[in-house]
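The structure appears right after this line, and notes come after that.
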Amino acid sequence: MHAVTRDADTRMRKCIDSFKNEIAKLRTGRANPSVLDHIRVDYYGSDMSINQVANINVTDARTLTITPWEKKMVQVIEKAIMNSDLGLNPVTTGEIIRVPMPALNEERRKELIKIVRTESESARVSIRNVRRDANTAFKAMAKDKTITEDEERRLNDEVQKLTDKFITEVDHLLSVKEADLMAI
C-alpha cells in the first residue's frame, strides 16, 4: 500500500471515529454523562468541558446531577447547558445542578434524527475531502514523474475503494442510530 493511501486510510478512520463520538452524544432518553461532554465553560480564562470543573453523576434513569468544584461555577455551568443545542433545562438547588432528561416524544426523535443525518453528511464530506487530498497528491506525483500515469490511476482507484468502504460504514452507523432513536 502506498504511503499516501495509508495516510488516507488513517484519516478516513479518524472521520469515522469522530462521527461515532458525535452520535454517541445524542441521547436516547436515558441520562448519560457523556451527553454534556461537548459543552464548554469558561474557567479562569480557559475553555474546559464540564467534567473538568465538576462531578457529573447519574441520579436515576432520567436525571443527571452536577456538583461543581467551586461555587462560582454553578451559574456558568447552568448557563452553558441552557445555551447548548441539547434542549435541556437545568435546575439549580444551592451548589447542585440537576439536569432532568425530557422523555423523547415523536417531535424530539425526529429532531435528533435530523441532527444525526447532518452529522453523517459531515462525515461523508470529510471522507471525500481526504479522497480529494490523496488524488491531488497522486496528480502532483505523476506530474513530477515519481509515479506513472497508470500507477496514478491504480492509486486513485484504491483510494476510491477506501472512500466507498468508509461511506458505507457511515451509512450503516446512521441507520443503526436512527433505529435506536425511533425505538421506544
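The values are calculated or read from the model by the stated rules, or taken from the named source; none is laboratory data. Please read all numbers here as calculations on a predicted model, not as lab measurements. Here the Cβ is made from the backbone with ideal geometry for all residues, glycine too, and neighbour counts use every protein chain on show.
At-a-glance table
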quantity	calculated
Residues satisfying the stated conditions in the stretch 110-125, i.e. buried (at least 19 other Cβ atoms within 10 Å of the Cβ) and either outside the structural domain of E178 (by TED's automatic domain parsing) or at pLDDT 90 or above (or both)	S120, A123
Every pair of residues 6+ apart whose Cβ atoms lie under 6 Å, when the first sits in the stretch 165-184 and is surrounded by fewer than 19 Cβ atoms within 10 Å (Cβ to Cβ) while the second is part of a helix (DSSP H, G or I) and of a type in the set (V, I, T)	E169/I16; E178/I113
Check on T59, exposed (fewer than 14 other Cβ atoms within 10 Å of the Cβ) and of a type in the set (S, T, Y)	yes
Selection from the stretch 150-181 of residues that are in contact with a helix residue (DSSP H, G or I) (Cβ under 6 Å, 6 or more places away or on another chain), of a type in the set (D, E, K, R) and over 30 Å from A24 (Cα atoms)	E152, E158
Qualifying residue in the stretch 3-25 (condition: touching a Pro at 6+ places or on another chain (Cβ under 7 Å), closer than 23 Å to R109 by Cα and outside any strand (DSSP E or B))	no
Output for the stretch 21-80, where each listed residue is free of Cβ contacts under 8 Å to residues at least 24 places away in the same chain and at positive phi	Y44, G45
Condition check for V99: among the β-branched types (V, I, T), touching a strand residue (DSSP E or B) at 6+ places or on another chain (Cβ under 7 Å) and exposed (fewer than 13 other Cβ atoms within 10 Å of the Cβ)	no
Any hit, the stretch 102-109, residues being surrounded by 13 or more Cβ atoms within 10 Å (Cβ to Cβ), charged (D, E, K, R) and part of a loop (DSSP other than H, G, I, E, B)	no
Selected residue [touching a Ser or Thr at 6+ places or on another chain (Cβ under 8 Å) and farther than 30 Å from E78 by Cβ] from V170, V176	V170
Where a residue in the stretch 135-149 is surrounded by fewer than 11 Cβ atoms within 10 Å (Cβ to Cβ) and its partner, wherever it lies, is of a type in the set (S, T, N, Q) and at pLDDT below 90, with Cβ under 8 Å and at least six apart	none
Residue check for A24: in contact with a helix residue (DSSP H, G or I) (Cβ under 8 Å, 6 or more places away or on another chain) and at pLDDT 85 or above	no
